[in-house]
Number of protein chains: 2
Amino acid sequence: MSSLSKDDRARAGILQADDSVFQRWGLTKTTMEDIAREAGKGKSTLYYYFKNKDEVLEALAHIQVARIAALAREETARKETAREQLIAYVYITFREIRRTMAPYDIEREMGSHRAVIDRVLAKFDAENEKAVESILRLGFQRGEFKSIGLRDIKATTRAIVAVIRSLTLNLFIDNQDKQLIDLIIALLSEGL
Amino acid sequence: MSSLSKDDRARAGILQADDSVFQRWGLTKTTMEDIAREAGKGKSTLYYYFKNKDEVLEALAHIQVARIAALAREETARKETAREQLIAYVYITFREIRRTMAPYDIEREMGSHRAVIDRVLAKFDAENEKAVESILRLGFQRGEFKSIGLRDIKATTRAIVAVIRSLTLNLFIDNQDKQLIDLIIALLSEGL
DNA sequence: GACTGGACCAAATTCGTATTTTGGTCGGAC
DNA sequence: GTCCGACCAAAATACGAATTTGGTCCAGTC
């Protein structure tokens, strides 16, 4: 337990250094030596804890996804109705994605780190699915959502998650204005 | 009138050659010489009709957008209710975008032709806005759409168009399965 | 065992330079 | 009006040499 916690602390220190240098130079341009230097460690130490550069990238991104998910969950827990919860979840998720990603230029890095980005997006989808499905179940049990049956919860979850993913990818390429996101959330919630 | 029609015919012949070679080699790799050869003309002839390579690209893309819009409009006209019209419009639009874009690798070409792609997307948005707004107005007048007021038609149009744009961009990057598109359309229509 | 410097290496990248290609212009022919 | 072909500067490509990078591994220290 003690050695595991020390292990985690070492990894965390490295990942903190990662975030700093990746924001400065981008994912591709940053070398393992850069990261080691920033973390005040030797390059061998990085390889002691992480298999390769991609694994460093991915570990950092997963931490960020988990952080955003936790934050959105907290905010959701503060709302009364399932509808409010869904709106809060989506809204906070976007706010945090936008903030977290602001210093990066993902579009530019897409070419060289596609596999990692795909895996991170998959984890992001998984988090969103868990949360959205749970909210939809709550709404269904309470009779808040009239349009969906119990059998449709999974399908509806998939649709909402796909829209979130879609809009998230667009943050990397295109500039979606915040007001539009609000409108889309309202539309998903209320329909026509 | 006769010289205009002849002009259009010449342009159309060039654009047809364009489509062929662009699909074969991609937008960037295709040279003006390639296009001229395929069209059975001299390079100067291209410059007689088009200002530069980007204008050729854009002319072709605009024709395709117009074609898709016309097709979606036809299909829409066959439906009775505004809701059905909206569903048909979005569905056909996606089907045709997917077909038209299948031979191209837009993600790869994004870097060198960003400005053109942005202008084409703007035209695509404009077409969608026109059509969606008109459908929403119809639905409002008929009392089909309960959730939106007259003042909200423009806002709701913007939201729907943004989702269409978002999902369209994702066709270039990510693979959205067809069933998901259906789910999303249903959700936009029915809400939760 | 945890940590790490440093030697090492193949692959990847960078760099400078020469060469070729390309987008675009324009004169002139039909 | 239509369009070929000569021409040109800029852009792109090719190529070889040099450098850097991700990753491996050994041995040493605490």
Collect the residues in the stretch A:43-58 that are within 17 Å of A:Asp8 (Cβ to Cβ) and assigned to a helix (DSSP H, G or I), keeping them in residue-number order. A:Thr45, A:Leu46, A:Tyr48, A:Tyr49, A:Glu55, A:Val56, A:Glu58
By residue number, the members of the stretch B:19-47 that are within 8 Å of DNA strand C (Cβ to nearest atom) and of a type in the set (Phe, Trp, Tyr) are B:Tyr47
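Each row is one residue, and each column tells you yes or no for (1) within 16 Å of DNA strand D (Cβ to nearest atom); (2) surrounded by fewer than 17 Cβ atoms within 10 Å (Cβ to Cβ); (3) hydroxyl-bearing (Ser, Thr, Tyr); (4) assigned by TED's automatic domain parsing to the domain that holds A:Arg165.
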{"residue": "A:Glu33", "(1), (2), (3), (4)": "yes, yes, no, no"}
{"residue": "A:Arg37", "(1), (2), (3), (4)": "yes, yes, no, no"}
{"residue": "A:Lys41", "(1), (2), (3), (4)": "yes, no, no, no"}
{"residue": "A:Ala77", "(1), (2), (3), (4)": "no, yes, no, yes"}
{"residue": "A:Phe94", "(1), (2), (3), (4)": "no, no, no, yes"}
{"residue": "A:Asn128", "(1), (2), (3), (4)": "no, no, no, yes"}
Can you name the number of the only condition in (1) within 11 Å of chain B (Cβ to nearest Cβ); (2) more than 19 Å from B:Ala186 (Cα to Cα) that A:Ile160 fails? (2)
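Applying the selection to the stretch B:109-125, what residues are loosely packed, with under 15 Cβ neighbours inside 10 Å and either touching a residue at least 60 places away in the same chain (Cβ under 8 Å) or of a type in the set (Phe, Trp, Tyr) (or both)?
Across the stretch B:109-125, the qualifying residues are B:Ser112, B:Ala115.
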Whether any residue in the stretch B:109-125 is within 16 Å of DNA strand C (Cβ to nearest atom) and away from chain A (no Cβ under 14 Å) is what I want to check. yes
Tell me which residues, restricted to the stretch A:105-148, are more than 14 Å from the chain's Cα centre (by Cα) and more than 18 Å from A:Thr81 (Cα to Cα). A:Asp105, A:Glu107, A:Arg108, A:Glu109, A:Met110, A:Gly111, A:Ser112, A:His113, A:Arg114, A:Ala115
Does A:Arg99 meet the test of being more than 16 Å from DNA strand C (Cβ to nearest atom) and within 25 Å of A:Glu190 (Cβ to Cβ)? no
Considering only the stretch B:56-64, I want to know if a residue exists there that is more than 14 Å from every other protein chain (Cβ to nearest Cβ) and near DNA strand C (Cβ under 9 Å from one of its atoms). yes
For B:Ala61, work out the one condition from (1) part of a helix (DSSP H, G or I); (2) surrounded by fewer than 15 Cβ atoms within 10 Å (Cβ to Cβ); (3) in the same structural domain as B:Phe145 (by TED's automatic domain parsing) it doesn't fulfil. (2)
Going by what's in this entry, would A:Val56 be described as within 12 Å of DNA strand D (Cβ to nearest atom), in the same structural domain as A:Ile148 (by TED's automatic domain parsing) and among the aliphatic types (A, V, I, L, M)? yes
Just to be sure before I move on: is A:Leu15 away from DNA strand C (no atom under 12 Å from the Cβ), within 20 Å of A:Pro103 (Cβ to Cβ) and either of a type in the set (Phe, Trp, Tyr) or in the same structural domain as A:Ala102 (by TED's automatic domain parsing) (or both) in the structure I sent? no
Return only the number of the condition from (1) outside any loop (DSSP other than H, G, I, E, B); (2) within 11 Å of chain B (Cβ to nearest Cβ); (3) in contact (Cβ under 8 Å) with a residue 40 or more places away in the chain that A:Phe145 does not satisfy. (1)
Can you confirm whether the stretch B:109-117 contains a residue that is of a type in the set (D, E, K, R) and farther than 16 Å from B:Ala155 by Cβ? yes
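The values are calculated or read from the model by the stated rules, or taken from the named source; none is laboratory data. Source: prediction; values computed, not measured. Note that we place each Cβ from the backbone using ideal geometry, even for glycine, and neighbour counts take in every protein chain shown.
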